[in-house]
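Take a look at the structure set out below.
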Amino acid sequence: MNFITWQLLLKWLISFGLLFTFYMAFLQKLTFLNQRRFFLFFGTISAFVIPFLSLNILQKNSEQTAIQYLQKIPTIPQGQPVYESNSSNDHISISSLITYLVILGCIAFLVRFVLIILSLKNITKNAQLIDTFEKIRIYKLNKQSSTFSFGSKIFLGDGKLTEIEQHQILLHELSHAQHHHSIDTIWMEILIVLNWFNPFVWLLKKETRDNLEYLADKNVLKNKINKKEYQYLLLNTLLHNSNQSQISFTNNFNISSLKKRISMMNKNQTSKIHLWRIVFILPLIGILLLSFRKKEQPSDKIQIAGIVLDALTKKPVKGAIIKLDSIAAFTKTDNHGYYFLEFPRKIQNGLKYVQINISENNYQTLKSGYSYGDNMNASMIANFQLSPNTSNIGPNSSFANSPKNDYNSIHNGLIKALKTEKIIADMIKNGKIASIKDGTIYIADNAGSYLTLTPDNMEFALSHITINDTKKVTFDELNKNYKLSDFHGMSTNEDKINLVTKVK
């Protein structure tokens, strides 16, 4: 769910807003109905997809490497459980609340969409098939309803019309079916499910429906139907259908404004010289939408957020003071051990090293820090584990670049890290050098350092294990021929793993 951010919602608003604005300004009054259909269909697809191109979920994150190297993790006492708090459920950030509301709305509109599809199937089941024309099935409705079409099916109502009038209505619905107008309609309904909160999507949906009706009317008149008689027929049909049941997104006479349809039928054909508008507008909108892909300039602010835990119990430390030396910035952790700090990127004559002090009365003060450059991610995750005054267990610090610094995201990542600590602690206790858990390979040394190999390049990495940069060994040979105490360090270089033996 974390891919639904306020930035994505804003980009969707801008994308569809631009599309609607250009359509109304340049195309809405033209009679190039097929070109308008093309613009609305592919334009809405582009407006929906392009904002994803600049999201972090499609960017390679610098900390997500196939081999991760961490040093000197605190030892977890035997029998001590890894802390897994349920507190994230009652600590909901504004971004998380927005995500939940958007998804809840999407579910509601998805249910509506499914119910309409099911109702169409039920109508088809109860209707009488009376004819087939070019793979288009024509049904007679058994109950009072208006005429409509959907997909390759036409459903004729029981209106009191003459044979000529019924023929004209049938031509209208045949046009919808033959030109596959339901594809446009279904796509706009799917877009409503995904962007129900976006007013421009609703406006574009209405314009799409109107344009499809214009196209059907145009095709009817091509059959040498008298324009005035056809327009009176539309009016009579509209009045007759006003109290009859309708299907929400089917093509029928009640959806579009009759006044606009008549106006379009009476409008003179637009000169082809105005086609330049479409040729001009498509690349212009493409450039504007693709501008989302431009690399953002580094922020002039750096955000640090994280969770402070007790290194012994793995429970959150409330009220710990997080202070940045050389910067007038400090804060305290909340009930969940979470904190958030923000400071200028360029501080103290270009100083680019941040010293962090973490203190609490019942714990040993922890001093840690990190360096950052001009291109470093403006959002940092810094988690700490404080050593209790009465314990010999060592403290721990971890830093990572991440665009997500809300409590829920950090907490979920921390739980995974604590599970990894437990695995490594068990390996050290049992003297094992390598272990496989849940598809991940762990390699440890006697000093408490470890490597994690993910499935992405696991096979390559395992074929390049060396001892003292000389002897090659396999994964199985590590546990079979060596002890944990044989090694005092390890390193990685271009996905090569090197274990260093203890100096005698």
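Every number in this text was worked out from the coordinates using simple rules, so none of it is lab data. Here the structure is a predicted model, which means the values were calculated and not measured. Here the Cβ is made from the backbone with ideal geometry for all residues, glycine too, and neighbour counts use every protein chain on show.
Details
- Summing Cβ point charges (Lys, Arg +1; Asp, Glu -1) relative to the Cα centre of region 86-236 gives a dipole of roughly 300 debye.
- The trypsin sites (Lys or Arg not before Pro) found in region 121-191 that occupy coil by DSSP, while having at most 13 further C-beta atoms within 10 Å, are LYS135, LYS143, LYS160.
- Annotation: extensible slack from ASN226 through LEU110 equals 37.6 nm (criterion: 0.36 nm per residue apart, minus Cα-Cα distance).
- Flagged links, alpha-carbon separation over 30 Å, of LYS432/LYS472; LYS153/LYS205; LYS367/LYS480; LYS11/LYS332; LYS121/LYS160: LYS367/LYS480; LYS11/LYS332
- Among the chymotrypsin sites (Phe, Trp or Tyr not before Pro) in region 111-169, none sits in a DSSP loop with a Cβ that has at most 10 other Cβ atoms within 10 Å.
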